[in-house]
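Trainee: Submitted below is the structure of interest, expressed as structure tokens.
Coordinate-derived values only; no laboratory data. Note that this is a predicted model, so its numbers are computed, not measured. Here the Cβ positions follow ideal geometry from the backbone for every residue, glycine too, while neighbour counts run over all protein chains shown.
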Amino acid sequence: MPSTGQRPAPGRRSRPRLRLVAAIGTALAAVATPVAFAGPAHATGQYTVTALKFTVDTGGRSCVVDADLYRPAGVDAAHPAPAVLTTNGFGGSKSDSSTAGTGKAFAERGYVSLAYSGLGFGRSGCLISLDDPRIDGKAASALVDFLAGTRAADDGTRIDYVTADAKGDPRVGMIGGSYGGAIQMATAAVDHRVDALVPMITWNDLAYSLDPQNAADRDVPGAFKWQWSNGFYLMGEGQPLLVPSLDPSRVNSLTCLHFVDDACRTVQTLDSGRYPADRTKQLLRYARSVSPVSYLKDVKAPTLLVQGQADTLFNLNEARATYDTLTRQGTTAKMIWQSWGHSGGQTDPSSGELNLSQGNLDTSYVGRRVLAWFDRYLRHDRSADTGPAFAYYRDWIADPDHTYATASAVPPLTRTLYLSGDGKLVGNRAEVVRGSREYRNWLVPTSHSESSLAGLIGLPDPAPYDIKGTYLGWTSAPLTRAADVVGAPKATLKVVSPKAEQTQNSGDAADKLVLFAKLYDIAPDGSKTLVHRLVAPVRVPDVTRPFTVTLPGIVHRFAKGHRLRFVIAASDDAYGGNKGIKPVTVVSAPDDTGTLRLPVTGS
């Protein structure tokens with residue numbers, strides 16, 4: 001990607017970066033689903049669809065929520081049915097293929113479905129508030145009131161045909177992906193009438209999602225994921241280009257057009273490349289306040305988490321963090337790691353994977369799990385088998401009927417490799433050779449993992465690379481048998497960087513050392529694969545101490561004859577990087593060296 005070779009001044013971006021960000025925003029606008037204004041109710045033979053509007057007071061504003069009600073044939077007060085509530089991903093609406101497809105799919109299976117455009121999208125009003133439970137969750141709760149029969153739509157429509165557990169308490173579940181995933185947990189946290197959740201490819205902690213820090217210190221910010229963040233930010237701010245005659249309740253100010261103020265300030269801080277203590281605390285506090293990490297304690301609804309392996313926006317670690325929290329507090333939860341996410345994967349129904357746009361619930365593994373989940377917790381069918389605690393897609397299995405493996409838990413870290421001074425990755429500490437090696441960063445990025453939105457908008461993306469002298473790698477011997485890694489590898493490192501040591505306590509966390517850890521699969525012919533283009537950015541809390549890096553979770557088979565290569569790089573062009581030149585040395589000795597631990601199944 002182009003770069004000026006200089007870090008932009010605080011509050012400014014380099015012109016090449018601005019051009020790329022603008023191109024991302026334009027491309028996102030081009031692929032955004034056109035908003036269709038639904039007409040009056042019409043029959044399909046299996047269900048009717050009625051366009052409804054609801055005026056809600058939330059976030060200090062009064063605004064309209066645009067929704068479509070799907071009523072199955074034969075459902076009435078004497079023959080009620082449970083309800084499914086769903087909404088769109090970021091930039092979508094009730095009319096996009098996956099949201100409307102979900103509404104139709106569940107109506108065809110006898111559920112009352114209510115599909116709505118999230119606040120700030122489609123023809124719904126209010127500002128974009130990042131699925132804040134105090135704003136977006138409150139608005140969704142008003143729709144639960146409608147399903148309960150205690151609230152009318154703006155045209156006076158009331159319903160009395162949703163199964164109820166008590167007066168004013170409808171039997172309702174939620175499903176949706178990404179932005180339509182986090183809203184489920186936000187709603188369930190403020191409204192305990194929600195009975196079941198299926199959040200897909202969504203976040204646990206937006207601070208981690210947008211500014212990932214993969215070392216243990218959560219108070220030290222990470223490396224800004226600028227491509228993903230600015231792409232979605234521009235989509236939000238560019239709403240007048242996407243939606244004509246914009247609802248006035250969706251306009252904030254000239255400096256922050258369509259987001260709530262805190263969201264704009266967060267992106268502005270990240271774009272500035274500076275992390276003074278006061279702004280860092282504000283950034284982390286706000287990002288976490290609109291994230292499940294801060295309110296999962298209030299989520300009691302049984303939750304089936306579905307996360308994508310091909311996802312550099314919200315990786316598998318996010319679902320794992322949510323799953324661990326829910327199960328630890330006693331909330332019923334299970335987890336599936338499917339193939340597709342924001343960065344690609346299998347969506348063709350012939351692959352056996354769920355495609356919400358096509359509604360193949362009965363013929364996909366994940367779809368059948370979802371149906372069983374709702375059968376159990378919405379229809380109260382105690383014979384419904386909700387499946388194992390953990391399941392994961394294996395891309396090395398060709399038969400679509402057997403691509404998923406199951407387990408009672410995510411596999412633990414079972415294999416330890418050691419970083420030798422000669423660049424080898426060895427299985428025994430006694431094999432470690434004493435030695436030291438150095439790399440140094442440039443003022444421009446010298447490593448490439450991904451162009452974050454390339455797959456989403458159908459553009460080619462160059463293969464990952466690292467420029468010699470700006471990274472260090474450790475490579476194993478060829479494997480004598482296949483190794484299946486399922487979960488998040490961890491590396492413990494100690495680096496030497498006198499320049500970083502001099503600046504790391506400046507009061508601006510941007511002066512701390514940044515590095516990027518990653519794991520390659522090297523084939524016998526020398527070709528290499530960065531699994532799903534995933535990397536682990538780290539802002540080293542203290543270069544005078546060892547630190548542990550948690551890499552993104554993967555499901556990958558390292559085949560017999562292949563080699564593992566662990567790399568730490570000085571930069572990555574999808575992320576913010578180091579401030580100034582900071583050479584790094586890694587020293588290895590048999591009694592004192594870094595380690596890489598892997599969750600290898602069957603070992």
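Trainee: For the residues LYS468, LYS528, LYS281, what sequence is obtained by ranking on other C-beta atoms within 10 Å, fewest first?
Mentor: LYS468, LYS281, LYS528
Trainee: Fewest first, what order do ILE128, ILE581, ILE175, ILE397 take by the number of other Cβ atoms within 10 Å?
Mentor: By the 10 Å Cβ count, ascending, the order reads ILE581, ILE397, ILE175, ILE128.
Trainee: Once label points are set 7 Å from the Cα along Cα→Cβ at both ALA277 and ASP324, what is their separation, rounded to one decimal in nm?
Mentor: It works out to 2.9 nm between the two label points.
Trainee: Here's a follow-up. What lysines does LYS528 reach when the alpha-carbon gap must be under 18 Å and sequence neighbours fewer than 8 apart in one chain are set aside?
Mentor: LYS424, LYS468, LYS518, LYS560
Trainee: Separate question: Under the rule a/c < 1.5 gives rounded, and otherwise a/b versus b/c splits prolate from oblate, where does the range 242-308 land using the Cα gyration tensor?
Mentor: Oblate, since a/c reaches 1.5 and b/c is not below a/b.
Trainee: Follow-up. Where both partners of a DSSP beta bridge lie in the chain, what percent of those bridges are antiparallel, to the nearest 5?
Mentor: 70
Trainee: Enumerate the residues in the range 476-500 having an amide nitrogen under 13 Å from the point lying 7 Å beyond the Cα of THR529 toward its Cβ.
Mentor: 483-485
Trainee: Multiplying the sequence separation of ASP160 and LEU246 by 0.36 nm and subtracting their Cα-Cα distance, what value in nm do you get?
Mentor: Gain on stretching ASP160 to LEU246: 27.6 nm.
Trainee: Next question. Please list the equivalent ellipsoid semi-axes of the range 415-598, computed as the square roots of five times the alpha-carbon gyration tensor eigenvalues, in descending order and whole angstrom.
Mentor: Ellipsoid half-lengths, sorted descending, are 25, 22, 14 Å.
Trainee: Binning every alpha carbon pair distance of the chain at 10 Å from zero, what are the percents per bin?
Mentor: Calculated P(r), rounded to whole percents: 3, 17, 27, 25, 17, 8, 3, 0.
Trainee: Here's a follow-up. Assuming a ≥ b ≥ c are the square roots of the Cα gyration tensor eigenvalues, decide whether the range 424-506 counts as rounded (a/c under 1.5), prolate (otherwise, with a/b larger than b/c) or oblate.
Mentor: Judged from the Cα gyration tensor, the range 424-506 comes out oblate (a/c at least 1.5, b/c at or above a/b).
Trainee: Here's a follow-up. Compute the distance in nm between two label points, each set 7 Å from the Cα along the Cα-to-Cβ direction, one at ASP461 and one at ILE397.
Mentor: It is 2.5 nm.
Trainee: Run lengths n ≥ 4 of DSSP H only: what is the helix-derived mean residue ellipticity at 222 nm for the chain, with -39500 (n - 2.57) per run over all residues, to the nearest 500?
Mentor: -6500 deg cm²/dmol
Trainee: Take ASP219 and ASP381, extend 7 Å from each Cα along the Cα→Cβ direction, and tell me the distance between the two endpoints in nm.
Mentor: Between ASP219 and ASP381, the simple spin-label model gives 5.1 nm.
Trainee: Can you compute the label reach from LYS494? Point 7 Å from Cα along the Cβ direction, backbone N cut-off under 20 Å, restricted to the range 536-556.
Mentor: Correct set: 539-550.
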